[in-house]
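Below is one structure; the comments refer to it alone.
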Amino acid sequence: MTERLDLGKSATDLYQTVVELDRRVSRSLNRAGITEGFSHLLRLRASQINRCAFCVRLHARDALASGESSDRLAVLAVWKETDYFTLKERAALELVEAITLISVDQLPDVIYEQAAENLSSEEVSAVEWLAVVINTWNRIAIS
C-alpha cells in the first residue's frame, strides 16, 4: 500500500494558511458571541457528517474541555430530536449542516432565512466561515 502524503508537511505554507484562517474564524466566532464550547459542537457536527474520525475525537474532547455538557455532546448527531439547543443554536447547527452538505443541495433559502431570523449578521457570517474552515480541515485529515 502506498503511503499517503502528509499535507501539513508537503505544503507547509498552504497548511499554515489554513491554520491562520482557523485562528481568524475563531476570533470572528468570539466577537459574534458564539461560545468556544458551542463552536466545537458546530465543528464536531460537520466532522460527523464528513466521517472524519480524527476531527470527531478532537472536537468532542475540546467541547467537553470548553464546558459543553456530556448530554449535549451525546445527542449532537440527533440534535433535531432534542430540546438541548436554543433557537439560535439550532439555526447555527442547521446552517453548518447545510453548508457541509452543499454538494447534495444548494444552501436552501428556508435554512438561510431561519438563520437570519435567529442569528445576527455577525453570527451568520462567523458560522458560515466556521463551516468553510472545518470542512477544509476534514478534507485535509481525510485525504
Original post:
Any residue at all in region 1-13 that is small (Gly, Ala, Ser), modelled with pLDDT of 95 or more and closer than 15 Å to Asn138 by Cα?
Top reply: no
Subject >> Meets criteria (open to solvent by less than 30 Å² (accessible area, probe 1.4 Å) and in contact with a Pro (Cβ under 8 Å, 6 or more places away or on another chain)) for Ala98 >> reply: yes
Subject >> Which listed residue, of Ala63, Ala74, Ala46, is within 17 Å of Glu89 (Cβ to Cβ), in contact with a Leu (Cβ under 6 Å, 6 or more places away or on another chain) and of a type in the set (A, V, I, L, M, F, W, C) >> reply: Ala63
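Suppose we filter Val75, Val110 for residues that are open to solvent by 60 Å² or more (accessible area, probe 1.4 Å) and more than 22 Å from Ile142 (Cα to Cα); which single one remains?
Selected residue: Val110, the only one of Val75, Val110 that is open to solvent by 60 Å² or more (accessible area, probe 1.4 Å) and more than 22 Å from Ile142 (Cα to Cα).
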Subject >> Candidate set: region 4-30, residues that are open to solvent by 80 Å² or more (accessible area, probe 1.4 Å) and part of a loop (DSSP other than H, G, I, E, B); chosen: the one farthest from Ala126 (Cα to Cα) >> reply: Arg4
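The values are calculated or read from the model by the stated rules, or taken from the named source; none is laboratory data. All values derive from a computational prediction rather than experimental measurement. Neighbour counts run over all protein chains shown; Cβ positions are idealised from the backbone, glycine included. Accessible surface areas use protein heavy atoms only, side chains included; no ligands, DNA or RNA. Shrake-Rupley method; radii C 1.70, N 1.55, O 1.52, S 1.80 Å.
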